[in-house]
Every structure is written in C-alpha cells, then in structure tokens.
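To start, the structure under review is shown below, and the notes come after it.
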Amino acid sequence: MAIFNLTINDQRYKIEAEEDMPLLWAIRDLVGLKGTKYGCGIAQCGACTVHLDGQPVRSCSLPLGVIKKKQKITTIEGIGSPQLLHAVQEAWVEEQVPQCGYCQSGQIMSAVALLAQHPEPSDDQIDTYMNGNLCRCGTYDRIRKAIHRASGSAKPKTMGTH
Amino acid sequence: MSISSLSTERRRFLKQSLLGTAGLMIGVRAHAGGHALVKLFENNISTELNPFVLIDAKGVITLVNSRPDMGQGSIQAVTSLIAEELEVRMDQIQIVHSDGQAKYGSQGSGGSSTVRGLWFDLRKAGAAAKEMLVRTAAGRWNTSPESCQARDGGVFLTGTDKKFSYGELAVDAAKLDVPKNPKLKDPKDFKILGKYHKRSDIPSKVNGTAVFGIDVVVPGMLYATVIHAPSVQGKLVSYDATQAMAVAGVKQVIKTEHSYPGGKSEAIAVIAENYWAALKASKLVTAQWDDGDLVQTLNTGQYFKDAYAAAAKPGVRAEEDGDFDAFFAASEKKLESIYETPFLAHAAIEPVNATAHVKEDGSVEVWAPIQGPDGALGETADYLGIATDKIKIHPQLLGGSFGRKAFMDFMKEAIDLSRQVKAPVKLIWSREEDMMQGPFRPAMLSRMRGVIGNNRLSALSHQAIGESIQGQHWNGLADYQADDWLAGELSKENHKYGFPVHHLSYSRVKTPIPILWWRSVYASNFAWGQECFIDEMAHKAGLDPLAARKQLLRNSKRDLAILEKLEEIIKSSPALPTGHARGIAMFRSFESMSAAMVEIARKDKGARIVKVTSIIDCGQYVNPDNVKAQTEGNIAMGLSSAIKGGITFSEGKCDQTNYHQFQVMRMSEMPEVEVHIMDNLENPGGVGEPGLPPIAPALGNAIFNLTQKRIYKLPVDLDNLV
C-alpha cells in the first residue's frame with residue numbers, strides 16, 4: 001500500500017492504495033466520484049475517459065503509480081456544475097444525445113479535449129478523436145451534431161483544467 | 001393493470017403510502033435550475049390516489065415509472081402518459097421507479113411494450129386521479145365538476161380566479177371512489193403526447209450524477225467479481241486461491257452458483273474491499289473445470305453443421321397456405337437460398353452487476369440494473385424460498401441492456417454472495433465474463449424458397465432454423481412444435497405480403513451455447529433472410545424490388561403508405577452518383593413497421609456506408625424525438641450486427657473476450673442518418689426495437705445493387721466485396 005495525493009477537480013484527495021490500482025477504481029471506489037465508468041478495463045471503450053492535465057486518458061489503464069504529484073485530474077463532475085453546465089454538456093442536452101447515458105461521461109470528456117485542440121473540428125477530426133469512445137446505443141450522429149453545436153459557443157480557454 | 005383492478009384496490013389507496021425505505025430510491029425531480037436525481041427518504045409520505053399518482057400536502061406530485069429505463073426513454077414515456085391526463089406539466093413532477101409490487105401491473109421493459117402496452121391504462125390512471133381531484137374541488141365550491149377545469153396541477157373554478165392546488169385536494173380526493181371509466185382526452189387536445197419534449201433524465205446523464213446499477217452505494221458493502229466456467233456449464237473440480245488471497249483488500253474467495261439458461265453450475269467469487277482488488281485477485285485464481293463433452297459440443301462450427309443438416313430436411317410446419325412443396329416442384333421459375341446470421345453479444349457498456357443485502361432478519365434488498373422489478377421480485381423470492389413481502393427491489397438505471405439484463409443470473413449471484421458473507425455485496429462481472437458467458441443472440445439460418453409467376457412473386461417458403469430461446473430456457477418446446485415467437489414474426493399475418501401460396505416452418509437446432517433475446521429478438525435474424533430473398537425474387541422476376549413489394553402489399557394500406565413515402569424520398573433525392581447504390585428492406589416487429597434504405601459507395605475493394613434512411617410507422621407515440629433517437633440507435637446496432645464480427649465458440653469456450661475482439665460500430669463508421677415517422681392516429685406500436693430488423697437486409701440489397709453479388713452470410717466484410 002502507498003499513499004497518493006490526487007488533485008481531482010481542483011480538490012485534494014489523500015488515498016491509500018496499491019500502486020497498480022488503475023485511476024478509474026481510485027476515482028470510483030476510493031474517492032467516490034461515480035460519473036467515470038467502467039466498461040472494458042483495457043482502454044477499448046473509452047467509458048472511463050478523464051483528463052490528466054487537460055489530456056484525455058483512459059483511467060482504467062492508468063495505474064496510480066505513474067501519476068505525478070502535480071498532475072491535475074478532471075472528471076465529468078469537474079467540467080461544469082449542476083447549476084452551470086459546460087458548453088459541451090449544454091450542447092449534449094440541446095441535441096438530446098444520451099440514451100442510456102452510460103458512455104456519455106467518457107464521450108463528453110473526449111469531446112471537451114477535442115474542442116480544446118480543434119475549436120472548430122471537421123467531421124474527420126471528430127471521427128479520429130472520438131473513435132475510441134464506444135456507444136452501444138448508437139448516439140454517434142447526435143454526438144457529432146452536439147460537437148458541432150458546441151464548437152460554435154465553446155471557448156477553449158475555459159475548458160478542462162486549463 | 002386495469003382500471004377495475006385500481007378500483008378493487010381502492011381501500012389500499014386510502015392509507016398513506018410509504019415511498020422508499022432505504023434512502024436510496026432514486027427519482028428524477030424537477031427544480032428551478034433544471035433536473036437532478038433525488039433521493040427519496042423514509043419520511044416522504046404522500047397520498048396515493050392510485051398506485052401511479054402520489055401527491056403530498058405540499059403539492060409535490062410524484063408519478064411512478066413502472067418500466068426500467070435502459071436508454072429507451074421509459075422514464076419520460078410512462079410519466080407522460082399519466083401526466084397528460086392528470087393535467088400536470090412534466091416540470092411539475094418527480095419520478096420514482098416501481099419496486100415490483102403487483103399493484104403496478106406488469107413492469108418488464110421488453111418487447112418494445114411500454115407505450116403500446118400502457119397507452120390506455122396509464123392514461124386512465126391519470127384521468128381517474130384528475131376526476132377525483134376535480135370532484136373534490138367541485139364539492140368544496142358546491143358546484144358541479146363541469147364548472148371546474150384541471151390544468152397545471154390545480155383545479156380552477158371556471159370564470160373565477162378560484163383555485164385549489166392538487167396538494168390541497170389530494171387527501172380528500174383519495175376518499176372518493178375511483179371512477180371506472182374516466183374520460184380520456186381527444187388526441188387533438190394533447191399537450192404532452194406526440195409533442196417534442198426534452199427528456200428530464202438527460203441533464204443527469206451529461207454531468208455524471210445519474211446513478212446506474214454499477215454506481216449504487218450501500219453502507220458496509222463489499223465488492224465481488226465472479227469467475228465462471230469458460231465452458232459455461234463446466235463442473236468446478238477444484239481451485240486454488242492462495243495467490244488471490246494475498247492481494248491487499250481481498251476478504252474471501254468462495255464458491256457461488258451460476259444460473260445459465262436451463263441449468264446451474266458452480267462458479268468462484270472473490271470478495272474484497274474494493275472492486276479493483278477483487279478483479280486483480282480473480283486473475284490469480286487457478287481453477288480446474290470438468291468440461292465433459294462441451295469441448296466438442298460448445299462449438300459454433302458444430303452448431304452450423306447441424307443447422308445446415310437441418311436445412312436439408314423439412315421443418316415443423318408453422319403455417320401453410322396452399323401446398324407449397326407441390327407448387328415449387330411443378331414450377332420452372334423458382335429460387336432457393338439459405339441465409340445465415342451469427343451469434344451476437346449484447347455488449348452493453350455497463351457490464352451486468354447487482355448489489356444485494358440478505359439481512360439477519362431474513363429480509364432482502366436488491367439494487368440492480370434489471371429490466372423488470374416484478375420479475376426480480378419473483379425470482380428473488382423463488383431463489384431464497386421466502387415471501388415477496390420480505391423483499392425490496394430497487395431498480396436502477398441500466399447502462400444499456402438490449403435484453404441481457406432481463407436474464408437475472410447476476411442478481412441471484414449477488415444474493416447468494418450476500419447470504420454467504422452476511423454483508424451487502426456489490427457484484428460486478430468483468431467485461432470478459434460479461435462477453436464470454438453471454439447468453440447470446442442465437443445464430444440462425446433462413447432457408448428461403450420462392451416461385452416466380454408471370455411478372456409477380458407467387459409463393460414463398462421460409463424455413464427458420466436454429467436454437468429456440470423458449471426451448472433452451474424453459475425446456476418448453478416439444479419436437480413437433482414451432483417456436484411461436486418466431487412463427488409470429490414470420491407469419492403472413494405479420495409481414496402481410498399477399499403470397500397466394502405461403503409456407504412457414506421451423507427446425508430446432510439444439511446447442512449448449514447459451515442464448516437469449518437480443519434487441520428485436522428473432523426479427524434481427526430472420527429479416528435478413530426474408531428481405532434479401534424478396535429482393536432476389538424481384539430481380540429474378542425482372543421487377544424493381546420496391547415495386548414488387550408494393551404489389552405484394554397492395555391490400556395493406558399502412559404498409560403501402562410507407563413504400564410510397566420511400567418512393568417520394570428517393571424521387572426528391574439527388575441522382576445517385578456513379579459508384580453508389582441503394583438497397584431497401586422492411587420488417588414489422590412489435591406492432592410497428594419499419595423500412596430502411598441504405599446507400600453505399602465503392603471504396604477500394606469494398607464499400608462504405610454513405611447514408612441510412614429509416615421510416616417507422618409506430619402509430620401514435622409519446623415523443624417524436626425519442627422515436628427518432630431509438631431508430632437512429634437501431635440503425636447503428638443493425639449495421640453493427642451486419643458488418644462486425646459475431647460471437648464464435650471453439651473448443652468449449654467463447655473466442656471473443658472483450659471489445660477488441662467483439663467489435664461494435666465506432667464513430668468513424670457511423671453514416672449519415674435520416675429518420676421519418678409516419679404520422680397517424682393508429683394505436684401505438686413498439687419503438688425500441690422495430691427499427692433494427694430492416695437495416696442488415698437493406699445493406700445486403702444495396703451490396704447486390706452495387707456489385708451484382710448476393711451476400712448470404714453475416715457478418716459481411718465490407719472492405720472486401722471484390
């Protein structure tokens with residue numbers, strides 16, 4: 001067991017865990033933030049996507065031991081608030097994207113990172129960037145529309161952990 | 001549920017009802033800033049006007065969603081039906097899930113049954129409650145109910161500014177008799193039904209606050225994962241948990257019982273303080289399984305061999321008009337083809353999971369993403385041999401299901417584990433267990449035969465071949481019987497194609513490969529054979545496939561209207577570019593007809609899917625946007641089932657372990673989609689599934705139109721069509 005000081009959504013958490021525990025399970029079971037989901041455990045589905053210093057990572061395959069002390073973790077709970085949704089979350093509501101909703105935390109975290117990198121992404125850029133996030137309900141068409149919608153109003157500087 | 005049963009239960013309505021017992025019952029509450037999930041605590045006491053309508057003294061109106069939501073939108077659909085007639089706005093209500101008790105009627109989400117099954121009964125529940133509230137107000141004003149008007153959660157005295165809120169009326173209203181035949185609104189007066197409304201559960205699904213089964217937290221709970229026999233039915237000989245027990249946080253490694261379709265086997269469970277510890281330790285358990293002859297029989301190669309052998313023999317007759325065999329033998333212009341569909345995993349992104357607490361006093365609580373709390377209640381009672389009043393079921397949001405979570409093997413495991421460790425246990429199957437254990441959409445063959453007459457299609461025979469869900473699960477199918485689910489979907493009463501000579505038969509192929517209903521059930525298999533073959537016959541007859549269908553459906557007005565709509569769409573579309581082709585198909589399932597048109601384009605040695613246009617005739621509906629969303633989802637899942645690899649078994653175990661081997665559609669593969677809804681005032685049909693069956697055959701027909709090559713077997717490798 002080791003002690004880890006994690007910065008998640010600008011809050012500090014001190015947790016005791018094995019070094020090989022993936023960040024996903026620390027976030028879910030030790031910190032108690034349940035918005036980040038388990039889907040495959042091998043970085044194939046993207047349901048566990050969070051940001052590490054603003055970059056999207058698959059938290060199911062990122063052991064706690066490799067996270068550096070000053071790195072900032074952002075989860076779906078950290079990009080907006082129930083009172084004030086992030087522009088990407090708002091676009092998701094406007095397009096009524098989610099069906100079951102299970103993959104959408106990961107989809108949104110990928111989309112926020114995409115828009116930070118490409119404020120007005122082309123369809124090809126969306127395809128490339130979002131291809132790692134599975135949606136079994138098949139909401140891809142609405143995700144695409146929501147990303148385009150968000151790109152009109154999203155201000156990259158306020159996104160993620162920057 | 002019916003209104004008469006509401007009436008007989010009236011005495012029960014009079015007492016105050018207690019909603020929620022553990023502080024974990026989840027509802028959706030509207031508030032000024034939007035919508036959020038809420039916890040309903042023990043002190044939430046409301047007056048129950050009927051099982052679906054609860055109103056407290058502060059005027060909080062709670063409606064009960066009796067159909068678990070797996071993404072199909074039942075949270076909105078069920079409550080819209082009640083709210084429309086109750087005369088409350090959707091932003092005035094909070095929603096709780098029913099817990100399986102009989103007073104809520106049938107509570108299973110499945111068979112695309114929610115709206116078509118509850119359309120009248122739930123509206124009557126809302127209308128009955130409204131009438132009771134109006135009569136109470138009228139009584140207080142000493143006037144007639146006709147002088148009062150209900151709207152927006154209150155009763156108004158017409159022509160005055162006098163008003164009682166529903167909260168002020170509820171207690172007295174509950175003392176009245178429940179009207180047997182409350183008057184329902186004319187559809188032209190609908191404010192909610194048939195109109196676009198945003199779903200109230202969506203904000204919680206974009207900010208991480210929605211609570212799915214896997215997210216449930218019960219104080220003191222332990223985490224568990226299970227290792228099943230890779231051969232599903234194999235017997236556990238021995239296991240060694242020494243290394244597993246050395247993992248920090250692991251509490252116990254114990255045996256449990258797994259229910260597979262038609263039987264039970266032993267499994268091994270790892271119990272730990274957190275899920276990661278359980279998962280990590282489970283990989284360190286070594287187990288010996290006695291697989292018997294499953295190494296040979298649990299094998300898709302063997303299954304297809306048996307299926308093709310069955311195709312060479314007549315099946316059990318399910319339906320016959322005229323003597324097809326004699327006609328076929330005597331005819332010159334005829335056609336015979338065999339179509340094949342693979343086994344498929346449901347592969348919902350949320351793996352199956354359940355949290356259970358078998359308490360010392362013998363009572364049980366279950367929190368799980370299940371498709372029906374009534375089924376969960378009954379199965380828990382049967383499993384433990386206890387009365388249902390000792391059991392509390394808390395249905396949770398499902399992170400996808402597609403049929404899988406209506407088979408509750410995982411729930412019984414969680415109950416067994418809690419019983420053994422004497423603590424609440426949250427069981428989550430690893431993705432690998434979820435994928436390799438199934439149960440799976442069965443692989444099927446369609447042996448199609450047809451006779452072409454003078455410029456028309458004259459006779460059709462469909463021999464459906466494969467394992468029966470009913471047969472495997474309940475051992476309920478004699479050798480001389482055709483599976484009636486399948487026979488219903490392929491019946492001429494269902495497809496309505498007016499073949500003067502028509503024959504339908506079924507050949508069962510038994511297999512230990514576990515099978516289960518999967519989105520649209522057998523329709524997902526047999527639409528492939530039926531609809532590709534109609535095209536094949538049309539081409540052989542020299543007819544345009546759409547025109548051939550119009551001729552066959554000449555006596556079915558609603559279906560003709562869909563084909564005319566399709567023609568109109570084609571006419572108004574730009575001409576197909578060179579190297580592009582279209583295919584169409586249509587199939588009725590769960591009382592809705594859906595047609596699809598797939599456009600593909602040449603790409604290197606294969607093709608890419610450019611666009612899918614779907615039309616659905618589901619009669620009246622709740623929310624057009626949700627009908628579209630479900631149909632879009634069916635396009636994606638239908639394409640996935642056609643172009644992605646299926647599930648295979650070799651040497652007694654499933655070959656696919658995770659999403660890298662069982663591929664499903666990704667963003668870059670999603671074509672442009674367009675969905676049209678046929679607007680009419682017919683009774684509602686299903687929405688969650690009917691969009692799926694026509695997708696694969698429309699693609700197959702497009703491939704033929706592009707390449708002149710007929711695809712018989714799914715999945716098709718779209719990159720290599722040659």
- line: Here the whole-number average of other chain Cβ atoms within 10 Å per Cβ of A:85-96 is 4
field: Derived scalar couplings ³J(HN,Hα) [region B:253-266; Karplus, 6.51 cos²θ - 1.76 cosθ + 1.60; whole Hz; x for Gly, Pro]
entry: 10, 9, 7, 9, 10, 10, 9, 9, x, x, x, 9, 9, 8
query: Give me the Kirkwood hydrodynamic radius of region A:2-77 in Å, from all C-alpha pairs, to one decimal place?
result: 12.0 Å
query: Where in chain A are the DSSP H helices whose C-alpha atoms run 18 Å or more along the long axis and whose mean Kyte hydropathy is at least 0.0?
result: A:104-117
Over 25 Å between alpha carbons, listed pairs B:Lys334/B:Lys603; A:Lys37/A:Lys72; B:Lys333/B:Lys611; B:Lys390/B:Lys412; B:Lys405/B:Lys426; A:Lys34/B:Lys611: B:Lys334/B:Lys603; B:Lys333/B:Lys611; A:Lys34/B:Lys611
Test item: B:624-636 mean partner chain Cβ contacts at 10 Å: 4
- request: Can you tell me which of A:43-52, B:291-300 comes out highest on packing, and rank the rest after it, using the mean Cβ neighbours within 10 Å?
  value: A:43-52, B:291-300
query: If eta is 1.306 mPa s and T is 10 °C, what Stokes-Einstein diffusion coefficient results for region A:87-157, Kirkwood Rh from Cα pairs, in µm²/s?
result: 136 µm²/s
task: Work out the mean other chain Cβ neighbour count within 10 Å for the residues of B:224-233 and drop it here as an integer.
output: 0
statement: Put in order of increasing Cβ neighbours within 10 Å, starting from the fewest, B:Ser165, B:Ser641, B:Ser461 give B:Ser165, B:Ser461, B:Ser641
- line: Residues whose built amide H sits under 5 Å from the amide H of B:Lys392, excluding neighbours closer than 5 in sequence, are B:Val364, B:Glu365, B:Val366
- prompt: How big is the antiparallel share of DSSP beta bridges in the protein assembly as shown, given as a percent to the nearest 5?
  reply: 80 percent
- prompt: Okay, which of region A:25-52 sit inside 17 Å, backbone N to the point 7 Å along the Cα-Cβ direction of A:Ser61?
  reply: A:25, A:37-52
Rounded Å value of the spacing that divides the Cα centres of region B:537-559 and region A:1-33: 62 Å
Added length on full extension, which subtracts the Cα-Cα distance from 0.36 nm per residue, B:Arg608 to B:Asp361: 82.8 nm
message: Show me the helices of chain B, taken as full DSSP H stretches, that run 27 Å or more along their long axis by Cα and average 0.0 or above in Kyte-Doolittle hydropathy.
response: none
- request: Using a 10 Å cut-off on Cβ atoms, rank the peptides A:23-29, B:465-471, B:196-202 from the highest mean neighbour count down.
  value: A:23-29, B:465-471, B:196-202
- prompt: Computed FRET efficiency, Cβ-Cβ of B:Thr388 and B:Gln708, R0 56 Å: what is it to the nearest 0.05?
  reply: 0.40
statement: Distance in Å, no decimals, from the C-alpha centre of region B:568-639 to the one of region B:448-509 is 25 Å
For region B:461-477, 3J(HN,Hα) per residue [Karplus equation, 6.51 cos²θ - 1.76 cosθ + 1.60, θ = phi - 60°, Hz, x = Gly/Pro]: 10, 10, 9, 8, 9, x, 6, 9, 4, 4, x, 6, 7, 10, 6, x, 10
- request: Mind scanning B:Lys103/B:Lys180; B:Lys255/B:Lys359; B:Lys191/B:Lys628; B:Lys557/B:Lys713; A:Lys14/A:Lys68; B:Lys264/B:Lys653 and naming the pairs with a C-alpha gap bigger than 22 Å?
  value: B:Lys557/B:Lys713
- request: Please give, to one decimal in nm, the separation of the simple spin-label points placed at B:Asp91 and B:Ala547, each 7 Å out from Cα toward the Cβ.
  value: 5.4 nm
query: Taking the Cα atoms of chain B alone, what are Rg (to one decimal) and Dmax (as a whole number) in Å?
result: 27.2, 82
- prompt: Under 16 Å from the 7 Å Cα→Cβ point of A:Lys14, by amide nitrogen: which residues of region B:214-251?
  reply: none
- prompt: Of B:Gly249, B:Ile428, B:His473, which is farthest along the charge dipole of chain B in the positive direction, counting Lys and Arg as +1 and Asp and Glu as -1 at C-beta?
  reply: B:Ile428
- line: Taking B:Ile370, B:Ile227 and counting other beta carbon atoms within 10 angstrom, the fewest-first order is B:Ile227, B:Ile370
task: Enter the Cα centre distance for the pair region B:227-260 and region B:328-355, rounded to the nearest angstrom.
output: 34 Å
statement: Here FRET efficiency (C-beta to C-beta, A:Asn131 to B:Gln481, R₀ 41 Å, nearest 0.05) is 0.30
task: Could you list the square roots of 5 times each eigenvalue of the Cα gyration tensor of the protein assembly as shown, that is, the equivalent ellipsoid semi-axes, sorted largest first and rounded to whole Å?
output: 41, 36, 29
- prompt: Near the amide H of B:Tyr260, under 5 Å away, which other amide H atoms are found, from residues 5 or more places off or on another chain, if H is placed in the peptide plane?
  reply: B:Ser265
Ordering of B:448-455, A:67-74, B:90-97 by burial proxy (mean other Cβ atoms within 10 Å per residue, highest first): B:90-97, B:448-455, A:67-74
message: At a threshold of 8 angstrom on Cα-Cα distance, excluding pairs fewer than six apart, so keeping six or more, what relative contact order does chain A reach in percent?
response: 24 percent
message: Quick check: pseudo-label points 7 Å beyond the Cα along Cα→Cβ at B:Ser147 and B:Val237, how many nm apart are they?
response: 8.7 nm
task: Mind sorting B:Asp152, B:Asp559 by how few other Cβ atoms lie within 10 Å of their own Cβ, fewest first?
output: B:Asp152, B:Asp559
message: Starting from 0.36 nm per residue, how many nanometres of slack lie between B:Asn181 and B:Lys571 once their C-alpha separation is accounted for?
response: 135.6 nm
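Throughout, read-outs are computed from the coordinates displayed, never taken from laboratory work. If you're wondering where the values come from, they're calculated on a predicted model, not measured in any experiment. FYI the Cβ positions are ideal-geometry reconstructions off the backbone, even for glycines, and counts take in every protein chain you see.
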